[in-house]
Amino acid sequence: DVKVTQSSRYLVKRTGEKVFLECVQDMDHENMFWYRQDPGLGLRLIYFSYDVKMKEKGDIPEGYSVSREKKERFSLILESASTNQTSMYLCASSSTRQGSEAFFGQGTRLTVV
Amino acid sequence: EDKVVQSPLSLVVHEGDTVTLNCSYEVTNFRSLLWYKQEKKAPTFLFMLTSSGIEKKSGRLSSILDKKELFSILNITATQTGDSAIYLCAALNTGFQKLVFGTGTRLLVSP
């Protein structure tokens, strides 16, 4: 059974803290993605990576950075958390093989107070 | 800018009703259209549509793509309370295979 695992289901952090969200996949997928999901706005792409050490900005990268040192792991970093980063964060992975859908992790609900 | 628009935003129906969810897209280098169902946690994959006019079916759910008019529909017949969820539509492009999502349709099926 394919699996994308996010390190935390729920997280509460203070404004200004550095926050790490971790995502691990066991499917040997090349592509990995970080989305945030907010009511009325759907899923918006923050960053994605198509190979180890490679990263591309998505639609809303401001205030975030990412790291992909190993193929199976993709980390999202909030350098200095702010209240407007309170959201549901979803990690996904996919293969570059044609016809391959993206598989999602269970999500991390981050609250910044 | 790539865009996916879903309608309606939300819908309340009674068990047994048939519903149609809509998804239109404007995406450069379009490859496929995907539908996901999201209950309390991770979106789960329903369908991937790449060719126009070919219906994909899974039980009471079916979906079709029109690449000329740039839209897709998801049909659910004989709805059940377990169909209550957010239904997400996403367009997949070629190249980096980014998924561009719509805002989703929140479906509530009442007993």
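Scanning segment B:84-93 for residues that are at the interface with chain A (Cβ under 9 Å from one of its Cβ atoms) and closer than 20 Å to A:Lys57 by Cα yields a total of 2. Among the conditions (1) touching a Lys or Arg at 6+ places or on another chain (Cβ under 6 Å); (2) of a type outside the set (Val, Ile, Thr); (3) at the interface with chain B (Cβ under 7 Å from one of its Cβ atoms), A:Ser49 misses just one, which is (3). Would you check if B:Ser110 is over 13 Å from the mean Cα position of the chain (by Cα), more than 9 Å from chain A (Cβ to nearest Cβ) and not acidic (Asp, Glu)? It is true that B:Ser110 is over 13 Å from the mean Cα position of the chain (by Cα), more than 9 Å from chain A (Cβ to nearest Cβ) and not acidic (Asp, Glu). Right, B:Thr94: touching a residue at least 24 places away in the same chain (Cβ under 8 Å) and surrounded by fewer than 16 Cβ atoms within 10 Å (Cβ to Cβ) or not? Here the answer is yes, as B:Thr94 does meet what is asked. Filter segment B:60-86 for residues that are in a strand (DSSP E or B) and in contact with a helix residue (DSSP H, G or I) (Cβ under 9 Å, 6 or more places away or on another chain); which is nearest to B:Tyr36 (Cα to Cα)? Across segment B:60-86, the extreme among qualifying residues is B:Leu61. Here segment A:52-65 is the region considered, the condition is being on the phi < 0 side of the Ramachandran plot and away from every other protein chain (no Cβ under 14 Å), and the residue that is surrounded by the most Cβ atoms within 10 Å (Cβ to Cβ) is A:Tyr64. For segment A:12-27, taking the residues that are of a type in the set (A, V, I, L, M, F, W, C) and within 26 Å of A:Asp51 (Cβ to Cβ), the one that is modelled with the lowest pLDDT is identified as A:Met27.
Rundown of residues vs (1) away from every other protein chain (no Cβ under 14 Å); (2) within 27 Å of A:Leu45 (Cβ to Cβ); (3) small (Gly, Ala, Ser); (4) surrounded by fewer than 21 Cβ atoms within 10 Å (Cβ to Cβ), yes/no style:
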{"position": "B:His14", "(1), (2), (3), (4)": "yes, no, no, yes"}
{"position": "B:Leu33", "(1), (2), (3), (4)": "no, yes, no, no"}
{"position": "B:Ser52", "(1), (2), (3), (4)": "yes, yes, yes, yes"}
{"position": "B:Gly82", "(1), (2), (3), (4)": "yes, no, yes, yes"}
{"position": "B:Phe101", "(1), (2), (3), (4)": "no, yes, no, no"}
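Determine if segment B:61-68 includes at least one residue that is within 21 Å of A:Asp59 (Cβ to Cβ) and away from chain A (no Cβ under 14 Å). No, segment B:61-68 has no match at all.
Selection of segment A:18-70 for residues being in a loop (DSSP other than H, G, I, E, B) and either in contact with a helix residue (DSSP H, G or I) (Cβ under 7 Å, 6 or more places away or on another chain) or without any contact (Cβ under 8 Å) to a residue 12 or more places away in the chain (or both) yields A:Pro39, A:Gly40, A:Leu41, A:Glu62, A:Gly63.
The values are calculated or read from the model by the stated rules, or taken from the named source; none is laboratory data. In this text the structure is predicted, and so the values were computed from the model without any measurement. Note that we place each Cβ from the backbone using ideal geometry, even for glycine, and neighbour counts take in every protein chain shown.
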